[in-house]
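Colleague: To start, I am sharing the structure in question, which I have written as structure tokens.
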Amino acid sequence: MRTQQTPATKGAEEARQQLPSLLADADAGLTTLITRHGRIVAAIVPADAVKREPPASLLALAGSGKGLWGGDSARAIAEMRNEWNR
């Protein structure tokens, strides 16, 4: 894999027209910055450069809504529905 000192910069339209070439560059380890009106808006980077984290488990959230509606959830919901009938 090659290392690149300064990433190449392409305008959005130029990048769109050269996408296959930019993807080949990324596969070779090169980064390309995409600009729109002179402002950097995106980057095409090698996949190895992206940190991938495993999805967070939702088990820690289990039961976190307990007691959310108070002691009588049916009454609480009925009161909220009645607010629309005023």
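Read the figures in this text as sums done on the coordinates, not as results from a lab. Quantities reported herein were computed from a predicted structural model and do not represent experimental measurements. For neighbour counting, all protein chains shown are included, and Cβ atoms are generated from backbone atoms with ideal geometry for every residue, glycine included.
Colleague: How long is the chain along each principal axis, judged by its Cα atoms, biggest number first, in Å?
Modeller: 64, 34, 20
Colleague: Under unit Cβ charges (Lys, Arg +1; Asp, Glu -1), what dipole magnitude, rounded to 20 debye, does the chain have relative to its Cα centre?
Modeller: 200 debye
Colleague: Let me ask something else. At a threshold of 8 angstrom on Cα-Cα distance, excluding pairs fewer than six apart, so keeping six or more, what relative contact order does the chain reach in percent?
Modeller: Computed value for the chain: 21 percent relative contact order.
Colleague: Could you state the angle between the C-alpha long axis of helix 73-82 and the longest principal axis of the C-alpha atoms of the chain, as a value from 0 to 90 degrees rounded to the nearest 10?
Modeller: Computed tilt is about 80 degrees.
Colleague: What is the extension gain from residue 14 to residue 74, computed as 0.36 nm multiplied by their sequence separation minus the C-alpha to C-alpha distance, in nm to one decimal?
Modeller: Numbers: separation 60, 0.36 × 60 = 21.60 nm, distance 5.92 nm.
Separation in residues times 0.36 nm, less the Cα-Cα distance, equals 15.7 nm.
Colleague: Considering only C-alpha atoms, what is the centroid distance from the range 38-54 to the range 5-23, in Å?
Modeller: One Cα centre to the other: 13 Å.
Colleague: Quick check of the Kirkwood formula: for the range 8-48, what is the inverse mean of 1/r over all pairs of different Cα atoms, in Å?
Modeller: 10.0 Å
Colleague: Among 23, 68, 33, determine the one that fluctuates most according to a GNM of the chain built with springs between C-alpha atoms less than 10 Å apart.
Modeller: Looking only at 23, 68, 33, the largest GNM fluctuation is found for 68.
Colleague: Can you list residues from other chains, or at least 5 along the same chain, whose modelled amide H is less than 5 Å from the amide H of residue 9?
Modeller: The list, which skips near neighbours in sequence, is 33.
Colleague: Rounded to the nearest 500, what is the 222 nm mean residue ellipticity of the chain from helices alone, with -39500 (n - 2.57) per DSSP H run of 4+ residues and division by all residues?
Modeller: -8000 deg cm²/dmol
Colleague: How much length, in nm to one decimal, is gained on full extension between residue 82 and residue 28, taken as 0.36 nm per residue of separation minus their Cα-Cα distance?
Modeller: Extra length available between residue 82 and residue 28 comes to 13.1 nm.
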